[in-house]
Amino acid sequence: MPASPQTSAPPVRFGVVIFPGSNCDTDAHDAVRTFPGVRARYLWHKDTELDGLDCIILPGGFSYGDYLRSGAIARFSPLMDAVGRFAGDGGLVLGICNGFQVLLEAGLLPGAMQQNQKLKFICRLVSLRVENDSLPFTRAYSKGQVIKAPIAHHEGNYFIDRDGLDELEANNQVVLRYCDEDGEATAAVNPNGSVSNIAGVCNREGNVFGLMPHPERVCDALVGGTDGRGVFESVISRVTSGAEL
């Protein structure tokens, strides 16, 4: 009997959003394409067709020039209604920096973003402690692991009220915290004043994740490190394994 033909797994498909003013879309697009078996396509802010995609990335930048406040106009883009439906159906959504701000404004993640505590733009490498390693975005890491990634923002001061913070903690929705190299999350290493040193959060269901640091900028040792690759590896593993959240 002839051997059955080998069938390869379908590619993991990412959609990378471009808002007017996005400037990290190419970085995100190119980062995911370094992984075997991955396809990526750009999504214009007026697109509404997301069929066939496994993960949507809202990249960093200055959508609509950050007028009013970061993400406040982008959340009204036609695309964001489709992203909301995509997330509601269990699709994976990753918001990086400005993308995180857009997700907050759209109500897809809890909390809000304020200007940095010292009212200055910050651009530097930071240490981050992984608080939740069970997400489709973090399974390549270990809880308590310290990773490094760059930040570049003026409005990265994450805020949520006490009741909201208690809910985040109770539901394990705090994903990353700013810390020192030993993993201690102290006020001295909090770069922007974020409540409880929070650098990234997820929704209750765990399929929407926003973070201020840029994992796509640490996907190649030649340009600063590879600690960010775990975010994309986790997504790819989640999609190819078909595991439930």
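The values are calculated or read from the model by the stated rules, or taken from the named source; none is laboratory data. Source: prediction; values computed, not measured. Please note: Cβ atoms are built from the backbone with ideal geometry, for glycine as well, and neighbour counts cover all protein chains shown.
For this structure, a couple of remarks:
- Evaluating PRO215 against the criteria (1) within 26 Å of ASP89 (Cβ to Cβ); (2) surrounded by 20 or more Cβ atoms within 10 Å (Cβ to Cβ); (3) out of contact with any Lys or Arg (no Cβ under 9 Å at 6 or more places or on another chain); (4) not acidic (Asp, Glu) leaves one unmet condition, (3).
- Where a residue in region 188-208 is at positive phi and crowded, with 20+ Cβ neighbours inside 10 Å and its partner, wherever it lies, is at pLDDT 95 or above and not in a loop (DSSP other than H, G, I, E, B), with Cβ under 6 Å and at least six apart: ASN197/ARG177; ASN197/TYR178
- Checked against the criterion of being touching a residue at least 40 places away in the same chain (Cβ under 8 Å) and either in contact with a Phe, Trp or Tyr (Cβ under 7 Å, 6 or more places away or on another chain) or charged (D, E, K, R) (or both), region 159-167 contains one or more residues that satisfy it.
- Within region 68-111, the only residue that satisfies the criterion of being charged (D, E, K, R), modelled with pLDDT under 95 and not in a helix (DSSP H, G or I) is ARG69.
- Filter pass, PHE76 being of a type in the set (Phe, Trp, Tyr) and more than 17 Å from HIS214 (Cα to Cα): yes
- Residue satisfying all of: in region 199-224; more than 13 Å from the chain's Cα centre (by Cα) and among the β-branched types (Val, Ile, Thr); farthest from ALA31 (Cα to Cα) among these: VAL223
- Residues located in region 33-58, provided they are on the phi < 0 side of the Ramachandran plot, in contact (Cβ under 8 Å) with a residue 40 or more places away in the chain, in a loop (DSSP other than H, G, I, E, B) and not β-branched (Val, Ile, Thr): PHE35, LEU50, LEU53, ASP54
- Lone qualifier among GLU184, GLU233, GLU244 - being at pLDDT 95 or above, out of contact with any Lys or Arg (no Cβ under 6 Å at 6 or more places or on another chain), assigned to a loop (DSSP other than H, G, I, E, B) and farther than 19 Å from GLU155 by Cα: GLU184
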